[in-house]
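See below for the structure under consideration.
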Amino acid sequence: MDFGNKTVIKDLSFDVYKGEVFGFLGSNGSGKTTAIRALLGLYQPTGGELLVGGKPFSVSSGIKLGYLPEERGLYKKESVIDVMLYFGQLKGLSRSDARKRAEEFLVRVKLSDKATTRIDKLSGGQQQKIQLGITIMNDPDLLILDEPTKGFDPVNRRLLMDIIEEHQRGGATVIFVTHQMEEVERLCDRIILLKDGVARAYGTIADVKSEFGDASLDDIFIKVYGDENEQTEEEQ
């Protein structure tokens with residue numbers, strides 16, 4: 001994947017198994033979000049493809065995919081319930097089904113009293129909850145979550161992870177983009193760790209730890225990125 005003369009992703013290849021939570025890890029600027037957006041066709045990739053069930057992914061392929069981007073994309077002047085109904089219907093739900101699922105989700109995340117509140121009157125964390133609710137509204141087969149707990153306090157972070165686990169138990173496959181190692185330890189079956197668009201570790205958490213001398217994920221992350229930080233300090 002190239003941007004002008006700069007190569008952002010280099011010969012990256014990985015598998016995600018049906019029903020697992022796959023950790024897509026790396027520091028800011030490592031290429032995580034770029035790789036996901038290229039696979040989804042949001043960026044035009046230089047090469048490569050995304051296969052789901054052995055078939056090339058496309059918007060019209062019939063695969064129920066939920067993508068939660070790092071940036072929020074909600075209509076801020078509209079009410080919570082209207083926004084959720086709109087996106088629910090875009091995902092193929094009837095208006096009544098969309099309302100039912102929206103109301104159930106708002107109760108689940110303790111925002112039922114905000115149903116008629118405008119999006120721009122919510123806190124950042126509350127908006128993130130609404131965006132998650134929209135992402136999972138049609139029970140996607142494949143969930144791609146890019147930094148979903150960003151800005152959450154510990155209580156809401158745990159709530160979100162509970163919801164992710166519930167969807168995995170229901171059969172969803174989850175790609176979890178993060179650099180929070182405690183979330184990885186709890187949720188992920190396998191991981192890939194990127195640096196400069198290259199995979200520096202790949203496999204089960206146990207295999208990756210073993211490859212790095214049974215180090216913790218935090219220590220592995222620091223080891224992979226340590227040289228970069230040391231260089232930065234020397235330059236300063």
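Just so it is clear, none of the values below were taken in a lab; they were calculated from the coordinates. Owing to the predicted nature of the structure, the values given are computational and were not obtained by experimental measurement. Every residue, glycine as well, gets a Cβ built from its backbone with ideal geometry; the counts of neighbours run over all protein chains shown.
Which pairs in the list Lys32/Lys150; Lys10/Lys150; Lys18/Lys55; Lys55/Lys195; Lys32/Lys121 are over 20 Å apart, alpha-carbon to alpha-carbon?
Distance filter (> 20 Å) returns Lys10/Lys150; Lys55/Lys195; Lys32/Lys121.
Per residue of the stretch 144-158, in order, report the coupling 6.51 cos²θ - 1.76 cosθ + 1.60 (Karplus, θ = phi - 60°) as ³J(HN,Hα) in whole Hz, putting x for Gly and Pro.
Couplings: 10, 10, 9, 6, x, 9, 4, x, 8, 7, x, 5, 6, 5, 5 Hz.
What ³J(HN,Hα) values, in whole Hz, does the Karplus curve 6.51 cos²θ - 1.76 cosθ + 1.60 give for the stretch 70-79 when θ = phi - 60°, with x put for Gly and Pro?
Whole-Hz 3J(HN,Hα) from phi for the stretch 70-79: 5, 8, 7, x, 9, 7, 6, 8, 9, 6.
List, largest first, the extents of the alpha carbons of the stretch 74-138 along their principal axes, each in whole Å.
Reported extents, whole Å, longest axis first: 28, 22, 18.
Amide H to amide H, which residues 5 or more places from Leu194 or on other chains are under 5 Å from it, using H placed in the peptide plane?
Leu25, Gly26, Arg200
Compute the long axis of helix 124-135 from its Cα atoms, compare it with the longest principal axis of the Cα atoms of the chain, and write down the angle in degrees, 0 to 90, nearest 10.
Approximately 80 degrees, to the nearest 10.
Mean-square fluctuation check for the chain, GNM, Cα pairs under 10 Å: which of Val155, Val80, Val174 is largest?
Val155
Which is the longest part of the chain that has none of the trypsin sites (Lys or Arg not before Pro) sitting in a DSSP loop with at most 11 other Cβ atoms within 10 Å?
It works out to 78-236.
To the nearest 500 deg cm²/dmol, what mean residue ellipticity at 222 nm is calculated for the chain from DSSP H runs of n ≥ 4 alone, each contributing -39,500 (n - 2.57), summed and divided by the residues?
Mean residue ellipticity, 222 nm, calculated: -12500 deg cm²/dmol.
Report, by chain and number, residues whose modeled amide H sits under 5 Å from the one on Ile175, excluding near sequence neighbours (fewer than 5 apart, same chain).
Amide H neighbours of Ile175, under 5 Å, 5+ apart: Phe22, Leu143, Ile144, Leu145.
Expressed as a whole number of Å, what is the distance separating the alpha-carbon centroids of the stretch 95-171 and the stretch 173-216?
The distance from the Cα centre of the stretch 173-216 to that of the stretch 95-171 comes to 25 Å.
HN-Hα J couplings of the stretch 87-99 from phi, Karplus 6.51/-1.76/1.60, θ = phi - 60°, integer Hz, Gly and Pro as x?
Each residue's phi maps through the Karplus curve to give 6, x, 5, 4, 7, x, 7, 5, 4, 5, 5, 4, 5 Hz.
Hey, what did the stretch 74-138 get for relative contact order, percent, Cα under 8 Å, at least 6 apart?
This gives 47 percent for the stretch 74-138.
Please label the shape of the stretch 42-157 as rounded, prolate or oblate, based on the square roots a ≥ b ≥ c of the eigenvalues of the alpha-carbon gyration tensor (a/c under 1.5 means rounded; beyond that, a/b larger than b/c means prolate, else oblate).
Cα axes put the stretch 42-157 in the prolate bin.
Under a 10 Å cutoff between Cα atoms, tell me which one of Thr34, Thr135, Thr46 has the largest fluctuation in the Gaussian network model of the chain.
Thr46
Which whole-number percent is the relative contact order of the stretch 95-170 (Cα, under 8 Å, 6+ apart)?
The value is 28 percent.
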